[in-house]
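The values are calculated or read from the model by the stated rules, or taken from the named source; none is laboratory data. The model shown is predicted, which means the values in this text are computed figures rather than measured ones. Ideal geometry is used to build each Cβ from the backbone, glycine not excepted, and the neighbour counts take in all protein chains shown.
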Amino acid sequence: MSDFVVPFPIFVVDVGGTNARFALQPAPDVPVGEAIHFKTHDYPGLAEAAEAAVASHGQRPRSLVVCGAGPVDGRRLKLTNAPWVIDGPEAARRLGLAQGLLFNDFEAQALSLPTIPQGWARQIGPVPFEPRGPQVILGPGTGLGVGALVNAAGRHTPLASEAGHIDFGPVGEEESALWPFLERVHGRVTTESVLAGPGLARVHAARIAALGGPKVKLDPPAVVAAASANPTGEEAASLRLYWRIIARFAGDMGVAFVATGGVTLSGGVLPRILDFLDEAAFRRAFEAKAPVDDKARRMPTRLITRNDAVLVGMAAIAAAPQLYEIDYAARAWV
């Protein structure tokens, strides 16, 4: 579908297990507007939330470009951590749309990588970012997302994944001591159960249990608040450990995709705990990938500090779909 067109105005929409964000772009050459946030669980589905966004923005879109935190099956997506089932053609019919597209959230994050301005990200470590090969993006929110981007025949080509659901094991004495105390999710210890937002609280509770302390029932915001109040306390130590575990998983994904173009961190959790990031410790954990540690050392790392980067990236797809290797014929709603 080389003549694929997304008619404007559009809504670009990012739907997670907790929040759904809607931003309006009136025309391709106009910046994406301020996003409106809704709680996902306040609405039964995409169409109802979109109607609320129409009421708030005061303008009805002709197209939607949507990403959601779950696997995409053609034009349909079931959120992993919320009850929504997003059916693109059904949403188009109910909302009277001229067109629509649906992506996995980290497929969309990957597609957004070429559009991220330098000032929207913080470099971690000394290796500068350059467009010189595959890129990986990952981030902990309600779940854990992982995606990659490669260039094929001059077009940006995304690779979605469900890497958040692979098994995860400890490295080193400190992690080995707390691993038996980690809360299992669906009977497993996975990258998502450890590294998604709720995993931050699980790591802290398990760490305290391994030290012989009392049972801890703090949620992630409470752990962060306690750490901020006492940077030398146990909560702060747990956040520093959490960063190191994030770093070694990021290194795993970088090696898995041979991400010479770099590994980008995203998600709602990490920008809130930047005060506890030790860049040198992060890079040590990221690079400890013998016998391919020489490859990991050459991979740049950074953290996106703006939460609307994915919305701008999806708007770029709508404005210039010919630059992206997407099977529009199989995925377009109309």
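Among the residues of the stretch 1-18, are any of a type in the set (Gly, Ala, Ser), closer than 27 Å to GLY147 by Cβ and in contact with a helix residue (DSSP H, G or I) (Cβ under 6 Å, 6 or more places away or on another chain)? Taking every residue of the stretch 1-18 in turn, none turns out to be of a type in the set (Gly, Ala, Ser), closer than 27 Å to GLY147 by Cβ and in contact with a helix residue (DSSP H, G or I) (Cβ under 6 Å, 6 or more places away or on another chain). Scanning the stretch 271-308 for residues being in a helix (DSSP H, G or I), surrounded by fewer than 21 Cβ atoms within 10 Å (Cβ to Cβ) and touching a strand residue (DSSP E or B) at 6+ places or on another chain (Cβ under 6 Å) gives a total of 1. Looking at ASP105, ASP73, just one residue is buried (at least 16 other Cβ atoms within 10 Å of the Cβ), charged (D, E, K, R) and on the phi < 0 side of the Ramachandran plot, and that residue is ASP105. Of all the criteria given as (1) surrounded by fewer than 24 Cβ atoms within 10 Å (Cβ to Cβ); (2) more than 14 Å from the chain's Cα centre (by Cα); (3) closer than 27 Å to ASN19 by Cα, the one not satisfied by GLY100 is (1).
Rundown of residues vs (1) modelled with pLDDT under 95; (2) under 30 Å from ALA152 (Cα atoms), yes/no style:
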site: ASN230; (1), (2): no, no
site: SER238; (1), (2): no, no
site: ARG244; (1), (2): no, no
site: ALA247; (1), (2): no, yes
site: VAL255; (1), (2): no, yes
site: PRO271; (1), (2): yes, no
site: ALA285; (1), (2): no, no
site: ARG302; (1), (2): no, yes
site: GLY313; (1), (2): yes, yes
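The number of residues in the stretch 145-162 that are assigned to a loop (DSSP other than H, G, I, E, B) and buried (at least 21 other Cβ atoms within 10 Å of the Cβ) comes to 1. Residue count for the stretch 114-133 under the criterion of being part of a helix (DSSP H, G or I) and either touching a Gly at 6+ places or on another chain (Cβ under 7 Å) or aromatic (Phe, Trp, Tyr) (or both): the result is 2.
Condition check ((1) over 24 Å from the mean Cα position of the chain (by Cα); (2) of a type in the set (Phe, Trp, Tyr); (3) surrounded by fewer than 20 Cβ atoms within 10 Å (Cβ to Cβ); (4) not assigned by TED's automatic domain parsing to the domain that holds LEU144) across all residues:
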{"site": "VAL203", "(1), (2), (3), (4)": "no, no, no, no"}
{"site": "GLY213", "(1), (2), (3), (4)": "yes, no, yes, no"}
{"site": "PRO221", "(1), (2), (3), (4)": "no, no, yes, no"}
{"site": "ALA237", "(1), (2), (3), (4)": "yes, no, yes, no"}
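Yes or no: the stretch 230-251 includes at least one residue that is in contact with a strand residue (DSSP E or B) (Cβ under 6 Å, 6 or more places away or on another chain) and closer than 26 Å to GLY16 by Cα. There is at least one residue in the stretch 230-251 that is in contact with a strand residue (DSSP E or B) (Cβ under 6 Å, 6 or more places away or on another chain) and closer than 26 Å to GLY16 by Cα. Grab the helices (runs of 4 or more DSSP H) fully contained in the stretch 1-113, keeping just those with 1 or more residues being basic (Lys, Arg) and modelled with pLDDT of 95 or more. Here the list reads 88-95.
Which of the residues that make up the stretch 185-218 are part of a loop (DSSP other than H, G, I, E, B) and under 21 Å from GLY145 (Cβ atoms)?
Selection gives HIS186, VAL189, ALA196.
Figure legend. Inter-residue proximity from the stretch 174-190: first residues not assigned by TED's automatic domain parsing to the domain that holds LEU239, second residues in a helix (DSSP H, G or I) and hydroxyl-bearing (Ser, Thr, Tyr), beta-carbon distance below 8 Å, spacing 6+ or different chains. No pairs are indicated.
Is it the case that some residue within the stretch 240-253 is within 30 Å of PRO26 (Cα to Cα), surrounded by 21 or more Cβ atoms within 10 Å (Cβ to Cβ) and of a type outside the set (Asp, Glu)? No - not one qualifying residue is present in the stretch 240-253.
The residue that is modelled with the highest pLDDT, among those in the stretch 257-269 that are under 18 Å from the mean Cα position of the chain (by Cα) and of a type in the set (Ser, Thr, Tyr), is THR264. If you go through the stretch 219-269 and pick out every residue that is assigned to a loop (DSSP other than H, G, I, E, B), under 20 Å from PRO198 (Cβ atoms) and among the β-branched types (Val, Ile, Thr), you end up with 1.
Applying a threshold of 9 Å to beta carbon distances and a minimum spacing of six or more residues, or different chains, the list of pairs starting in the stretch 83-111 at a residue that is free of Cβ contacts under 8 Å to residues at least 60 places away in the same chain and ending at one that is part of a helix (DSSP H, G or I) and hydroxyl-bearing (Ser, Thr, Tyr) reads PRO83/THR40.
Can you tell which of ALA148, ALA110, ALA163 is within 18 Å of LEU265 (Cβ to Cβ) and touching a Gly at 6+ places or on another chain (Cβ under 7 Å)? Within the list ALA148, ALA110, ALA163, the selection yields ALA110.
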